[in-house]
Structures are given as structure tokens and as C-alpha cells.
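Take a look at the structure below.
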Amino acid sequence: MNTITAPLSSAEATLPARRPAAWHVDASQPVHFSVRIAHGLLEPANPLLAQQCGGTRHTPQRRLVVVDRNVDALYGEALRRYFDHWRIQATWQVLDIDESHKTLEHALVIVQAMERMGLLRRHETVVAIGGGVLTDLVGFACSLYRRGVPYLRVPTTLMGQIDAGIGIKTGVNQGGHKNRLGSYFAPAGVLIDPGFLASLDQRHLNNGVAEIIKMALIDDEQLFHALENTVGHMAPGAWAAPGGPLAAVMERAINGMLAHLIPNLWEQELSRSVDFGHTFSPALELHAKPVLLHGEAVAVDMALSLGLATGRGYLSQDEGVRALRLIERCGLPIQNPVFNLALLQQALAQAVQHRDGQQRLPLPGPLGHCVFVNDLRPEELANALAWLTHYRASTERLSA
Ligand SMILES: NC(=O)c1ccc[n+]([C@@H]2O[C@H](COP(=O)([O-])OP(=O)(O)OC[C@H]3O[C@@H](n4cnc5c(N)ncnc54)[C@H](O)[C@@H]3O)[C@@H](O)[C@H]2O)c1
Ligand SMILES: [Zn+2]
């Protein structure tokens with residue numbers, strides 16, 4: 001039997017008002033992922049890569065695999081063999097990659113690949129295989145697509161394996177600025193196979209060494225000594241070899257980098273010692289002709305910063321010159337013609353904006369430690385440039 005209810009009177013229909021009309025949201029998102037060194041990653045018998053991207057041999061899977069074209073040319077066959085073995089039907093997105101491709105448009109190419117494939121949101125982990133440009137780009141695209149889909153990083157350059165590939169930052173360049181659009185978006189995992197480094201050219205290896213020198217100067221004096229001891233033996237094969245002195249250098253650098261990144265993943269703290277070498281270098285990366293690689297620009301910035309640190313007495317002259325020598329012996333530049341006082345001041349002003357109104361300039365002092373400066377004066381920059389010119393002139397006199 002139907003019951004007919006009498007309509008509510010207007011007084012009864014009125015809900016009690018909540019005063020004040022305000023709600024507080026308090027939530028946090030845990031981040032869990034592992035960074036692993038894994039030799040022989042593409043050997044079919046090695047289950048790690050398949051497991052990390054959620055594949056098993058029992059159930060056929062689909063994955064979008066985004067690969068740097070140069071990496072695909074070198075390792076494409078091994079990659080295809082690997083995924084076939086693990087019954088992972090890969091959709092390949094092979095990209096031409098260099099810094100000029102690190103754009104929103106290229107991130108959208110990856111988004112379109114996800115869309116074409118009909119990627120499932122939670123368990124069809126995207127696999128990113130390449131250098132820092134590729135992993136930054138794929139990470140960025142994955143953070144955008146459906147507000148975030150999981151991705152695995154397989155960095156294949158030294159820069160990627162000790163720095164770009166192991167944190168949670170993603171990004172693309174925009175409006176003439178490095179990484180101006182980006183996100184903090186943790187990967188599902190990071191697998192580092194130093195074997196990839198066997199095919200990297202010396203210039204790109206040295207590019208990664210710049211970031212290791214950075215860690216040594218501001219954080220780890222022992223790493224500095226290890227670099228001094230290995231500097232004559234940094235050929236691609238030596239980086240790729242398991243168990244050698246460079247494997248120890250690499251582990252130490254990753255360990256130091258993660259120790260700094262983990263407590264400050266979202267960069268709430270803007271005084272970051274890992275920003276050493278990254279205050280003036282973004283301007284240099286954009287203005288230098290011929291173009292400098294990221295690590296090369298960092299090296300020039302570090303050399304200038306050594307001048308600033310010795311000028312203030314944070315480092316002894318001896319330490320400053322030893323550090324300059326190490327940078328040079330690693331095949332990295334210490335000066336660049338476009339690095340004049342006007343550009344340096346412009347770069348510092350940009351850094352102040354990026355660091356929320358303060359210089360927060362990390363400088364080494366003493367060796368293996370970091371101090372932050374907020375009162376750098378233009379004449380100190382001029383003195384540091386002069387210090388470098390003097391060093392250059394004295395080394396040229398000695399070698400003449
Ligand atoms: N997200 C971060 O926290 C972070 C940190 C540091 C640097 N970065 C970014 O990383 C980028 C630089 O990365 P990169 O130095 O790896 O450059 P990259 O990605 O351009 O790679 C360098 C070159 O090496 C080739 N290559 C890659 N792997 C190879 C291999 N195994 N053998 C032979 N060739 C190979 C590439 O095709 C490319 O030509 C910059 O855009 C920088 O902003 C990001
Ligand atoms: Zn860097």
C-alpha cells in the first residue's frame with residue numbers, strides 16, 4: 001500500500017545553518033618508491049623490470065614504453081626481446097630527444113600516446129627509458145594525464161642515474177626559462193643499470209660527473225678524494241663495470257643526493273645545498289653559444305662560486321684551486337665568455353625570485369660542507385670573475 005506523506009512545512013524544510021561556514025582539509029600523501037642499482041636489467045632472466053612495471057609472465061599485460069630514439073637504436077632489440085619474454089605487449093613511443101624538445105608540446109605527444117592506447121589509470125605503469133630530458137618529460141606528462149598515472153623511470157645517462165632520474169621533480173622548459181612548468185610527481189620506482197653508460201659519449205659522462213662534483217664539494221669530502229683518485233679513469237666502460245671504483249663513486253653520489261632530497265621532497269625548505277652550482281647556471285644554459293649541457297653550465301657556476309667562497313674565506317685558496325683543477329680534469333669548463341657581470345646579476349635576481357625573495361646562495365666551505373649566503377654584493381661577483389681569470393692565466397703560464 002502506498003503511503004502519501006504530507007509535504008514538509010517551510011520551517012521543517014530549512015536545514016540548520018553551520019556557523020562559521022568553513023571546513024578544514026587536512027590530508028597527506030605518502031610517497032614510497034625504491035631507487036635500485038640493477039645490472040643486467042634487460043637480460044630476459046632478470047624479472048626486475050617486468051615486476052617493477054607490474055608485469056608477470058602468467059597474465060599478458062600492456063604497457064606504454066617511452067624511449068629516447070638514441071637509446072632505442074642501441075638497446076631497442078634487447079628491450080623488445082625482454083618485453084616479449086615477459087608477455088608484455090609494449091606500445092612503443094620513440095622520441096627524438098634533446099633539451100630543445102623539453103616542451104609542453106612534446107609532453108602532449110606522450111599524452112596523446114596514452115590516449116590512443118586507452119591507458120588504464122592505475123596499473124598500466126608507463127615506462128620511461130632515457131636521459132634526464134626524457135624522464136623529466138614523461139614524468140610531467142604522467143602527472144598531467146588524468147591527474148596522474150604511474151610511471152617507472154629507467155635512466156640511461158649518468159646525469160639521469162645520479163640526479164635527474166632519482167627524485168620526484170618533472171618539468172618542461174617554457175618562455176625561455178628552464179623547467180618553468182613542472183610538478184612534483186613521484187615515480188613508481190627507479191631502476192638504474194650502469195651498463196647503459198657503456199654507450200654514452202665522454203662529453204655526456206662528464207656532464208653527469210659535474211653533479212657528482214657538486215655533491216662532493218658541498219656534502220662529502222671523501223667523495224671529493226675519490227673523484228681526485230679516479231679522474232684519469234672515467235671512460236664509459238669504467239662507469240658501466242660492476243664493483244669498480246666508479247661504481248662506489250656512483251653509489252656514494254646517489255646516497256648523498258637522496259639524503260638531501262628525501263627530507264625536502266616538495267622543497268618547502270628553499271635553502272638547498274643541492275642547488276650549489278644552480279644559481280647562475282640557468283642563465284648560462286640559455287645564453288651560451290655554442291650551447292652548453294646542463295652539467296657544463298653547472299661546472300662554470302661552481303667555478304665562479306668557488307671564487308665567491310674563497311673570497312669570503314669559507315674555503316682556503318688551496319682548496320679552491322684543488323676544486324677548480326678537479327673540475328677541469330673531469331673535462332668540464334670553468335669559464336664562459338657570456339658569463340659577464342650583467343648576466344650574473346640578472347641570473348641572481350632570477351634565483352632570488354625562485355627562492356622566494358632571498359638569495360639563499362649555497363657555497364662550499366670548508367670542503368665537503370655548505371653555507372648559505374643572503375648578502376652577496378656585486379663586487380664579490382666581479383672579484384670571483386677576476387679570481388678565475390687569474391687562475392687561468394697562471395695555469396697557462398705554467399703549461400707554456
Ligand atoms: N628532474 C630533476 O630533478 C633533474 C635534475 C637534474 C637534471 N635534470 C634535467 O636533465 C636534463 C639533462 O639530462 P641528460 O644529461 O641525461 O640529457 P639527455 O636526456 O638529453 O641525454 C643526453 C644524450 O644522451 C643520449 N643517450 C641517453 N642515454 C644514452 C645511452 N645509454 N647511450 C648513448 N646515448 C644515450 C640522449 O639521446 C641524448 O642525446 C636537463 O633537461 C635537466 O634540466 C632534471
Ligand atoms: Zn643539475
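The values are calculated or read from the model by the stated rules, or taken from the named source; none is laboratory data. No experiment lies behind these values; they were computed from the predicted model shown. Cβ atoms come from the backbone with ideal geometry, glycine included; neighbour counts cover every protein chain shown.
Quick check, is ASN207 buried (at least 24 other Cβ atoms within 10 Å of the Cβ) and more than 12 Å from the chain's Cα centre (by Cα)? Against the criterion (buried (at least 24 other Cβ atoms within 10 Å of the Cβ) and more than 12 Å from the chain's Cα centre (by Cα)), ASN207 qualifies.
Answer yes or no: is there a residue in segment 219-238 that is within 16 Å of ligand 2 (Cβ to nearest atom) and in a helix (DSSP H, G or I). For segment 219-238, residues within 16 Å of ligand 2 (Cβ to nearest atom) and in a helix (DSSP H, G or I): present. Scanning segment 296-305 finds one or more residues that are closer than 22 Å to GLU221 by Cα, hydroxyl-bearing (Ser, Thr, Tyr) and touching a strand residue (DSSP E or B) at 6+ places or on another chain (Cβ under 8 Å). Here LEU191 passes the criteria (1) part of a helix (DSSP H, G or I); (2) away from ligand 1 (no atom under 12 Å from the Cβ) except the one numbered (1). Screening segment 309-350 for residues that are modelled with pLDDT of 95 or more and of a type in the set (Val, Ile, Thr) and picking the one that is nearest to LEU284 (Cα to Cα) gives ILE334. Entry remark, segment 243-288: residues being away from ligand 1 (no atom under 14 Å from the Cβ), assigned to a loop (DSSP other than H, G, I, E, B), modelled with pLDDT under 95 and of a type outside the set (Ser, Thr, Tyr) number 6 in total. If you go through segment 289-344 and keep only what is among the aliphatic types (A, V, I, L, M), part of a helix (DSSP H, G or I) and within 16 Å of ligand 2 (Cβ to nearest atom), you end up with ALA297, VAL298, ALA299, VAL300, MET302, ALA303, LEU304, ILE327. Looking across ASP219, ASP193, ASP201, one residue alone is buried (at least 17 other Cβ atoms within 10 Å of the Cβ), charged (D, E, K, R) and more than 30 Å from VAL373 (Cα to Cα). It is ASP193.
If you go through segment 51-69 and pick out every residue that is in a helix (DSSP H, G or I) and either over 27 Å from the mean Cα position of the chain (by Cα) or without any contact (Cβ under 8 Å) to a residue 40 or more places away in the chain (or both), you end up with 2.
Pairs meeting the criteria (first residue in segment 272-287 and more than 11 Å from VAL300 (Cα to Cα), second residue β-branched (Val, Ile, Thr) and more than 11 Å from ligand 1 (Cβ to nearest atom), beta carbons under 6 Å, at least 6 apart or on different chains) are SER273/ILE218; PHE276/ILE218; HIS287/VAL338. Cβ separations smaller than 6 Å between residues 6+ apart or across chains give the following pairs from segment 247-264 residues that are touching a residue at least 24 places away in the same chain (Cβ under 8 Å) to residues that are part of a helix (DSSP H, G or I) and among the small types (Gly, Ala, Ser): VAL249/ALA226. For segment 175-208, a tally of residues being within 12 Å of ligand 2 (Cβ to nearest atom) and under 19 Å from LEU227 (Cα atoms) returns 2. All conditions in (1) of a type in the set (Gly, Ala, Ser); (2) over 21 Å from ALA73 (Cβ atoms); (3) within 9 Å of ligand 1 (Cβ to nearest atom) hold for GLY176, with the sole exception of (3). Within segment 162-174, the set of residues being within 13 Å of ligand 2 (Cβ to nearest atom) and of a type outside the set (Asp, Glu) comprises ILE162, ALA164, GLY165, ILE166, GLY167, LYS169, GLY171. A single entry from TYR151, TYR145, TYR184 fulfils the requirement of being among the hydroxyl-bearing types (Ser, Thr, Tyr), in contact (Cβ under 8 Å) with a residue 24 or more places away in the chain and more than 15 Å from ligand 1 (Cβ to nearest atom): TYR145. If the condition is being surrounded by 14 or more Cβ atoms within 10 Å (Cβ to Cβ) and touching an Asp or Glu at 6+ places or on another chain (Cβ under 8 Å), then segment 365-394 contributes LEU367, GLY368, HIS369, CYS370.
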